[in-house]
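Undergrad: The structure's right below; bear with me while I get my questions together.
A short reminder: the numbers here are calculations on the coordinates, not readings from a lab. Quick caveat: nothing in here was measured; it's all calculated off a predicted structure. Neighbour counts are summed over all protein chains in view; Cβ atoms, including those assigned to glycine, are modelled from backbone coordinates with ideal geometry.
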Amino acid sequence: MMTEDNRTNGTGPERSTSPVLEASDVTREFGDVTVLRDVSVGLEPGTLTALVGPNGSGKTTLLRVLCGLLAPSSGEVSYHGPEVSRKIGYVQQQPAFRPEFSVQETIEFYTALVDAEPEEPLDRVGLTAAASRRVDSLSGGMTRLLGVAQATVGDPPVVVMDEPATGLDPGMRRRTFEVARSLASDGAAVLVSSHDMTLVEEYAEHVLVLDGGEVVAADSPGALCAEQEADSLWDGFEDIVEGPADELAVLGVNR
Amino acid sequence: MTHAQAIQAIVARELATVVRTRSYWVLLLGTAVAIFGLALAGGGPEAGYLPTAVDLRLPMELLVPALAVALGYPTIVADARRGELDVFDTYPLPSWGYVFGVYLGRALAMAAFLVIPLTILAGYVATTAETDAALIATHQGADSIALFARFAVLTLLFGFAILAVVLAASALAWSRRSAVVLAVLVFGGVVLGLDLFVLRGFGGELVGTDSLTGALALSPTSAYRGLLFESVLSSAIETDQQYAAPIASVVGLLCWTILSLGVTTVAVTRR
């Protein structure tokens, strides 16, 4: 359950650095399996935070709990941002839209839900030139960008993206992170889950490492590397997580 | 931003989806051909509006639910499978608003699917009927276009109720395939099964003669049939016998509609 406390005005030139979205001691269970265990995180306005962790570590579950799409089994998620019509923008792992519509019509539909202008979201992700194309004729990367555009509709103070760059070519991956970076520069608290340590190291200001449903490290990429005495975030990540970082973690099963 | 504007956007999206889906045009054509074919086969159009309504009554009991299944089953389950219901949760769009918008959009489409062929058929009756029909039936046995309009309105009311049940099936389904199965179960169970259950209850004396007219309101098909007999076909037949309880039948159809939309809203909220 998400609580609200609009004590700060999270966006604008005098924005606060206190978290706009905060999870406190969040545990999430699915039957006998504990997917998240006592997770506490805070997302600050104007900051791009990356959520990294092996497959099956609970990243998607955490993102869904933060967005209010899943209720935590215990703990609390609280929103402290400005009172706006849309508080959190969300890009699911595989964004999909009704195939009968064009890019422009799709974004117009979403903007109609919050009474916003459709031009800005498309312009932000660079899809203006493809506005007249049908959604089902878009490449996977362009569909992801449309998903990101959708997440920015209504200028939500928090934007959450679930592996928006996975499966894309290097150029598209970089483009996705650039968009995330620009959203953070405009004052949003942006949380992106990713497996691409190179881009995370390059673009993110804060990194949360999730392993076995717990946050095992949280700091800037540089500080994490320094703590692990690693040359790169990837090397540091391998040292932080239990077991091989490229192996599927199955929660509820001992490694 | 009000909920009304968001609901309007949902309604417009549903209508645009129907208009842009080629298979729905085929469905509209098929519906029109079926309505015309059945009416012409019965010979009703040459005799007037009331005979045409008599010819269409029984086929409509099957055609309208089939149309509701075709229009309603893919809607909510498809949005859920694409993850759009999750995305909607991040917008100021309550679950009831989404459900109401989807229902309204599909109901308008269904109205068009039925009203267009029926209007053309009424025009055909007006030009081919051998007997003169008045605008309003002024006495027992008189034919009028108003009776045919009443038939169309009651058919829509029946269709809207079944559409709401189909949407509930779509919201409860976990895949497009399961939505088809559930929609077929709605067709078999609610449309045919419940109707037969009430009639069998009467035959087996579970339902008494005194309570039969009220019991008929429990089944959407029986309620629709009862309303047609009471308010359309009764003008052709002079009798003291009451076919159905009109108010109970209308309440029955409204209850099916409202309760089904309630189930749909709960199912969407809990997804």
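Undergrad: Could you list, in sequence order, the residues of the stretch A:135-162 that are in a loop (DSSP other than H, G, I, E, B) and out of contact with any helix residue (DSSP H, G or I) (no Cβ under 8 Å at 6 or more places or on another chain)?
TA: Passing the criteria: A:Ser139, A:Asp155, A:Pro156, A:Pro157.
Undergrad: Quick check, is A:Ala131 under 27 Å from A:Leu21 (Cα atoms) and more than 20 Å from the chain's Cα centre (by Cα)?
TA: Working: under 27 Å from A:Leu21 (Cα atoms): no; more than 20 Å from the chain's Cα centre (by Cα): yes.
When the stated conditions are applied, A:Ala131 does not pass them.
Undergrad: Mind listing just one residue for me: the one in the stretch B:164-185 that is over 23 Å from B:Ile258 (Cβ atoms) and small (Gly, Ala, Ser) and, of those, surrounded by the fewest Cβ atoms within 10 Å (Cβ to Cβ)? Walk me through how you get there before you give the answer.
TA: Of all residues in the stretch B:164-185, those over 23 Å from B:Ile258 (Cβ atoms) come to B:174-178, B:180-181, B:184.
Cutting the leftovers down to small (Gly, Ala, Ser) gives us B:175, B:178.
Values: B:Ser175: 12, B:Ser178: 15.
Here the answer is B:Ser175.
Undergrad: Regarding B:Val11, is this residue within 21 Å of the chain's Cα centre (by Cα) and closer than 30 Å to A:Tyr110 by Cα?
TA: Numbers: within 21 Å of the chain's Cα centre (by Cα): yes; closer than 30 Å to A:Tyr110 by Cα: yes.
Yes; evaluated as a whole, the condition is true for this residue.
Undergrad: Cβ-Cβ under 6 Å, sequence separation 6+ or interchain: first residue in the stretch A:112-140 and surrounded by 15 or more Cβ atoms within 10 Å (Cβ to Cβ), partner charged (D, E, K, R). Which pairs?
TA: Close Cβ pairs (under 6 Å, with a partner that is charged (D, E, K, R)) amount to A:Val114/A:Arg86; A:Pro118/A:Glu108.
Undergrad: Can you tell me which residues in the stretch B:165-193 are under 16 Å from B:Val64 (Cα atoms) and aliphatic (A, V, I, L, M)?
TA: B:Val165, B:Val166, B:Leu167, B:Ala183, B:Val184, B:Leu185, B:Val186, B:Val190, B:Val191, B:Leu192
Undergrad: When you check A:Asp136 against the structure, is it acidic (Asp, Glu) and either away from chain B (no Cβ under 11 Å) or within 27 Å of A:Met197 (Cβ to Cβ) (or both), yes or no? Break it down stepwise before answering.
TA: Details: acidic (Asp, Glu): yes; either away from chain B (no Cβ under 11 Å) or within 27 Å of A:Met197 (Cβ to Cβ) (or both): yes.
When the stated conditions are applied, A:Asp136 passes them.
Undergrad: Shifting gears a bit: Could you figure out which of (1) over 28 Å from A:Leu62 (Cβ atoms); (2) of a type in the set (A, V, I, L, M, F, W, C); (3) facing chain B (nearest Cβ under 8 Å) isn't true of A:Leu113?
TA: Status for A:Leu113: all satisfied but (1).
Undergrad: Only one residue in A:Gln150, A:Gln104 is of a type outside the set (A, V, I, L, M, F, W, C) and within 9 Å of another protein chain (Cβ to nearest Cβ). Which one?
TA: Values: A:Gln104 fails: within 9 Å of another protein chain (Cβ to nearest Cβ).
Within the list A:Gln150, A:Gln104, the selection yields A:Gln150.
Undergrad: Something else about it: Within the bounds of the stretch A:71-88, is there any residue that is within 14 Å of chain B (Cβ to nearest Cβ), free of Cβ contacts under 8 Å to residues at least 40 places away in the same chain and outside any strand (DSSP E or B)?
TA: no
Undergrad: Give the stretch A:62-71 a look and list any residue that's surrounded by fewer than 23 Cβ atoms within 10 Å (Cβ to Cβ) and not basic (Lys, Arg), or say none. Outline the logic, then answer.
TA: Step one: list which residues in the stretch A:62-71 are surrounded by fewer than 23 Cβ atoms within 10 Å (Cβ to Cβ), which gives A:64, A:68-71.
Once the filter is applied, which keeps residues that are surrounded by fewer than 23 Cβ atoms within 10 Å (Cβ to Cβ) and not basic (Lys, Arg), the stretch A:62-71 yields A:Gly68, A:Leu69, A:Leu70, A:Ala71.
Undergrad: Next question, about the same structure. Of the residues that make up the stretch B:17-30, is at least one closer than 21 Å to B:Leu157 by Cα, assigned to a helix (DSSP H, G or I), more than 14 Å from chain A (Cβ to nearest Cβ) and in contact with a helix residue (DSSP H, G or I) (Cβ under 7 Å, 6 or more places away or on another chain)?
TA: yes
Undergrad: Residues that are assigned to a loop (DSSP other than H, G, I, E, B) and closer than 21 Å to A:Asp186 by Cβ: does the stretch A:106-116 have at least one? Outline the logic, then answer.
TA: To start, the set of residues in the stretch A:106-116 that are assigned to a loop (DSSP other than H, G, I, E, B) comprises A:115-116.
This time we only want the ones that are closer than 21 Å to A:Asp186 by Cβ, so: A:115-116.
Yes: one or more hits.
Undergrad: If you check every pair at least six apart or on different chains, which have Cβ atoms under 6 Å apart with a residue in the stretch A:192-212 that is touching a residue at least 24 places away in the same chain (Cβ under 8 Å) first and a residue that is in a helix (DSSP H, G or I) and of a type in the set (Val, Ile, Thr) second?
TA: A:Ser194/A:Val200; A:Val209/A:Ile240
Undergrad: Could you figure out which of (1) within 14 Å of chain A (Cβ to nearest Cβ); (2) in a helix (DSSP H, G or I) isn't true of B:Tyr91?
TA: (2)
Undergrad: Looking at the stretch A:161-170, is at least one residue surrounded by fewer than 20 Cβ atoms within 10 Å (Cβ to Cβ), more than 24 Å from B:Gly101 (Cβ to Cβ), among the polar types (S, T, N, Q) and away from chain B (no Cβ under 14 Å)?
TA: yes
Undergrad: Going residue by residue through the stretch B:49-60, is there one that turns out to be part of a loop (DSSP other than H, G, I, E, B) and touching a helix residue (DSSP H, G or I) at 6+ places or on another chain (Cβ under 8 Å)? I'd like the intermediate steps shown before the answer.
TA: Step one: of the stretch B:49-60, the residues part of a loop (DSSP other than H, G, I, E, B) are none.
The answer is no, given that none of the residues of the stretch B:49-60 is part of a loop (DSSP other than H, G, I, E, B) and touching a helix residue (DSSP H, G or I) at 6+ places or on another chain (Cβ under 8 Å).
Undergrad: Which condition breaks for A:Thr47 when tested against (1) crowded, with 22+ Cβ neighbours inside 10 Å; (2) touching a helix residue (DSSP H, G or I) at 6+ places or on another chain (Cβ under 7 Å); (3) within 13 Å of A:Leu191 (Cβ to Cβ)?
TA: The failed condition is (1).
Undergrad: Looking at the stretch B:49-88, which of its residues are polar (S, T, N, Q) and away from every other protein chain (no Cβ under 14 Å)? Steps first, please.
TA: Step one: of the stretch B:49-88, the residues polar (S, T, N, Q) are B:52, B:75.
Selection gives B:Thr52 alone.
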